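Chemist: If you scroll down you'll find the structure; I have some questions about it.
The values are calculated or read from the model by the stated rules, or taken from the named source; none is laboratory data. For clarity, every value in this text was computed on a predicted model and none was experimentally measured. Cβ placement follows ideal geometry from the backbone for every residue including glycine, while neighbour counts extend to all protein chains displayed.
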Amino acid sequence: MASSREYLEFILGQISELEEITYRAMMGEFIIYYRGKIVGGIYDDRLLVKPVKSAISYMPTASYELPYEGAKEMLLVDEVDNKEFLKGLFYVMYDELPTPKPKKKK
């Protein structure tokens, strides 16, 4: 099942106070970037984030879920209605997220 554009717009609205939020559509789902780093994505109308230590500490009771078959588990964000919670989550995760690899020139 693909994610809806409406759910994407809802999540983007919830994190609109953060600077440099971008997304990329990929196979019916959406990858979410914060200041150029992948934080997580929207999969089957669920917000999932990378299970970095800071995110696990911030959401100690979060469940691990698969974004799609064959993928690594990610953390399910339940508190999507709480803008301050989401802002804090993205903020604490940022330093721990891997820096994107430079793209190879053809």
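Chemist: Check the range 2-15 and report whether any residue there is among the charged types (D, E, K, R), part of a loop (DSSP other than H, G, I, E, B) and at pLDDT 95 or above.
Modeler: no
Chemist: Assuming Thr22 fulfils every condition listed in (1) part of a loop (DSSP other than H, G, I, E, B); (2) loosely packed, with under 13 Cβ neighbours inside 10 Å; (3) among the hydroxyl-bearing types (Ser, Thr, Tyr) apart from one, which condition is it?
Modeler: Among (1) part of a loop (DSSP other than H, G, I, E, B); (2) loosely packed, with under 13 Cβ neighbours inside 10 Å; (3) among the hydroxyl-bearing types (Ser, Thr, Tyr), the lone unmet condition for Thr22 is (1).
Chemist: Here is a further query. When both residues are 6+ apart or on different chains and their Cβ atoms are under 8 Å apart, which pairs have a first residue that lies in the range 74-101 and is over 18 Å from Tyr7 (Cα atoms), and a second that is acidic (Asp, Glu)?
Modeler: Met74/Glu65
Chemist: Identify, from the list Leu66, Leu12, the residue that is out of contact with any Lys or Arg (no Cβ under 6 Å at 6 or more places or on another chain) and over 15 Å from Phe85 (Cα atoms).
Modeler: Being out of contact with any Lys or Arg (no Cβ under 6 Å at 6 or more places or on another chain) and over 15 Å from Phe85 (Cα atoms) holds for just one of Leu66, Leu12, which is Leu66.
Chemist: Could you pull out the residue among Ser57, Ser63 that is of a type in the set (Gly, Ala, Ser), more than 20 Å from Ile15 (Cβ to Cβ), surrounded by fewer than 18 Cβ atoms within 10 Å (Cβ to Cβ) and at pLDDT 95 or above?
Modeler: That would be Ser63, the only listed residue that is of a type in the set (Gly, Ala, Ser), more than 20 Å from Ile15 (Cβ to Cβ), surrounded by fewer than 18 Cβ atoms within 10 Å (Cβ to Cβ) and at pLDDT 95 or above.
Chemist: Looking at Gly70, Gly28 in this structure, which one is at pLDDT below 95, surrounded by fewer than 12 Cβ atoms within 10 Å (Cβ to Cβ) and not aliphatic (A, V, I, L, M)?
Modeler: Within the list Gly70, Gly28, the selection yields Gly70.
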